[in-house]
There are 2 protein chains.
Amino acid sequence: MKLYRKAILPLGFKASGISSGVKKSGKLDLALFYSDIPAKAACEFTTNKIQAAPIQLDKIHLKKSKSFQAIIVNSGNANCFTGKSGLRDSIETAQALAKTLSISKENVLVASTGIIGRKLPLLKIKRAIPELVQRLSKGGINKAKVAIMTTDTFSKEMTLEFNLGRRRVRICGIAKGVGMIAPSLASPRQHRGATLLVFIFTDALISQQALNKALKVCVDNSFNCITVDGCMSTNDSVIMLANGQAQNVPIKNQGGSFNTFAKALQIVCRELAKMIIQDAEGASKFIRIRVNKAKSFTQAIQVAKAVANSNLFKTAIYGENHNFGRIVASIGASGIDVKEEEIKIRVSPLKKKEIKVEVFLNQGDGSATVYTSDLTPEYIKINAEYN
Amino acid sequence: MKLYRKAILPLGFKASGISSGVKKSGKLDLALFYSDIPAKAACEFTTNKIQAAPIQLDKIHLKKSKSFQAIIVNSGNANCFTGKSGLRDSIETAQALAKTLSISKENVLVASTGIIGRKLPLLKIKRAIPELVQRLSKGGINKAKVAIMTTDTFSKEMTLEFNLGRRRVRICGIAKGVGMIAPSLASPRQHRGATLLVFIFTDALISQQALNKALKVCVDNSFNCITVDGCMSTNDSVIMLANGQAQNVPIKNQGGSFNTFAKALQIVCRELAKMIIQDAEGASKFIRIRVNKAKSFTQAIQVAKAVANSNLFKTAIYGENHNFGRIVASIGASGIDVKEEEIKIRVSPLKKKEIKVEVFLNQGDGSATVYTSDLTPEYIKINAEYN
């Protein structure tokens, strides 16, 4: 298994990124990801009850179509809380792209990130589509990965290569997101529902069921285990395309090749999730919270997130202030039935950039790790001004 | 009904406040409240699963005894997460006070606020008790109200006088709390569970049942409707004593005099709750969030608290940044099933100190108001350094 800390598109994928004018700054704001042949898709979307128009549209397309060829993404405008006209804007975006690419509109997926509640500048996007398509290339990923960013200070990217039989398979993932990060993602089929956008491309040949299963498990153990500010977005989307171009023996729902694939995907998802925390808005610390000996994984996660989302804990870490009482209070407020006398807490030295908090509940065998950042004056500055 | 913005003890009550040395600064840190005759007590404590030793002890005393004469309160040390030895320290505090006052130890209630997880300096407290008792007086309330404070910048106090028949009744309340404020209080009998400390004294003659009922309703509509930082404390306590010295016709569980009493108590609780938000750590804004037309009061509160606890909303208000999308995202993340097209949001001008947010859900007749503060660099400074 070979790991690259950059995005290298798998066989049969191209990408592009341009400035369409959605961002007034003139920065890159429109990205396209394209597979030469129809690909299978697996998606996990926010469980926020208010879902952005692009997610509403993707859910419709995922019901209607079994294969996908393109994902168009804008940054700067979330196209959320924009009502029926917002949904129409997403539909028209997909239609215009489909027409230019000569594919069916149901084979297009869309995603948006940015300010909530403002009308999408549809005309700017439509006008930019021809150039966006024209610029598609292998190397275009390097502009695409920047075009999806908002307040990110670096692009999050990761590629893994591994062998399945005699074939080399690649999984490439890119992500954006530094604030409004507390994802609770679920596949649309489950009707469970930050702004976190993640796009993962693989040339592996894999069954739809296996792809869904692998992505769900990997997201639950990566993006669903991070929090910057406890604020779940309306736009969080993880979209994965698998186009089969590696021509490996098809990966089924279980077995050796599934395990190899899922393990690789898990590494990509986990590393991208950690990069999001490394770039968390205003953060000065990278914090790993491990809860051990909970009754279950679910309870362990609930306790770890209660600590991770405690403003008092986060400010204490920022201040390098060994106030472990705030950890205690947040554990007790988590909703899990804990016993004071059974709780053990270990915190690594606070002067370092990476902090490790370990909680032992002595109730069972469940354990979980959550990644988070500290709460700093810089976080407030960024978000007081973001507009 | 006559309202005083200061604490004036009702008939038969005395108080005192001194420096015992629990706070290293030498500031006032030990308070005593005393009723000349045994009084009825009603209490609401935090629902945090980890409860400070003084709360554990109070619950024992509330089971054993039907009348109370003294409340001893220290600030600077929460006596929480201190195990069996912490509970022994609270017991010994109550015992030492009871002995000095020549009352039964079960007639004493205790409360603590401050750092969690440090051993209570019991000897300092025991040594200070004789002087504390000696200084008991009507005017002692002015030192007592300061002795309960931690990072508070002003004392929260309120007195109401009103007539019941021919008798004048007084309700006097004092409170402390500016951070780790997200109370979820309940009476111990219900086995539901910031550091918020509130002490309320009345000379009304009232049945135990009526006292419990009035306090529960008033707390649910006041202290349980405020949040500074979403961090529920292990030490939140509202303790009310009623000594009957007004000699009014006893207040029963319902009827005109109950309504008059409950209405007065509601004003005291609500005003104290609002003062806590006015003094919220680092706050530059006082925010009132009103949710209308929810399915129920419970759902309205849940939505209002989701908005109030959103760091992104709070920083936007600090920045006077009209980012109402963050309100939308937090409503959708509240867990309540809402429909985008039915939500209306109104926000008052952001330049003012007092901000009013109104949310309309168009789902029913439930409504609720939650008070909160903005999130500022000053909040972080205070809490990064608090030790």
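A short reminder: the numbers here are calculations on the coordinates, not readings from a lab. Source: prediction; values computed, not measured. Ideal geometry is used to build each Cβ from the backbone, glycine not excepted, and the neighbour counts take in all protein chains shown.
Tabulated values for the structure
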item: Of all chain B residues, the one whose C-beta is nearest the axis that brings B onto A, in angstrom; result: B:PRO377, 2
item: Per-residue Cβ neighbour rank within 10 angstrom, fewest leading, A:TYR379, A:TYR371, B:TYR4; result: B:TYR4, A:TYR371, A:TYR379
item: Distance in nm between pseudo-label sites at A:PHE154 and A:ASN142 (7 Å out along the Cβ direction from Cα); result: 1.7
item: Ranked B:MET180, B:MET240, criterion: other C-beta atoms within 10 Å, fewest first; result: B:MET240, B:MET180
item: Label-to-label distance, nm, for residues given as B:THR298 and A:LEU3 (7 Å Cα→Cβ offset); result: 4.7
item: Exam field: B:VAL217 pseudo-label spacings to other copies (7 Å along Cα-Cβ), nanometres; result: 5.6
item: Magnitude of the charge dipole, chain B, Cβ model with Lys/Arg +1 and Asp/Glu -1, debye to 20; result: 940
item: DSSP bridge orientation in the stretch B:8-156 - percent antiparallel, rounded to nearest 5; result: 65
item: Nonlocal amide H pairs with B:VAL169, under 5 Å, H built at 1.01 Å; result: B:PHE162, B:ASN163, B:LEU164
item: Isolated Cys residues of chain A, judged by Cβ distance under 4.7 Å to other cysteines; result: A:CYS43, A:CYS80, A:CYS172, A:CYS225, A:CYS231
item: Spin-label pair B:GLU378/A:SER284, simplified geometry with 7 Å Cα→Cβ offset, distance in nm; result: 2.0
item: Rounded if a/c under 1.5, otherwise prolate or oblate - the stretch B:321-371, Cα gyration tensor axes; result: prolate
item: Three-way shape call for the protein assembly as shown based on the alpha-carbon gyration tensor, with the a/c threshold at 1.5; result: prolate
item: 15 Å beta-carbon shell around B:GLY244, net charge (K/R +1, D/E -1); result: +4
item: Equivalent-ellipsoid semi-axes of chain A, from the Cα gyration tensor, Å, largest first; result: 35, 25, 18
item: Ascending count of other beta-carbon atoms within 10 Å, so fewest first, for B:ASP29, B:ASP374; result: B:ASP374, B:ASP29
item: Residues B:ARG168 and B:LYS263, FRET efficiency given R0 of 25 Å [Cβ-Cβ distance, rounded to 0.05]; result: 0.95
item: Copies compared at B:LYS339 - label distances in nm, ascending, label defined 7 Å from Cα in the Cβ direction; result: 4.9
item: Across the identical copies, how the A:LYS24 labels are spaced - nm, sorted shortest first, 7 Å along Cα→Cβ; result: 5.0
item: Local electrostatic count at A:LYS143 - Lys and Arg +1, Asp and Glu -1, tallied over other residues with Cβ under 13 Å; result: +2
item: Beta bridge orientation in chain B: antiparallel %, DSSP, nearest 5; result: 70
item: Cα lying deepest toward the dipole's positive end in the stretch B:248-288, options B:SER257, B:PHE286, B:CYS269, charges on Cβ; result: B:SER257
item: Cβ-derived FRET efficiency at R0 45 Å, A:GLU354 paired with B:GLU131, nearest 0.05; result: 0.35
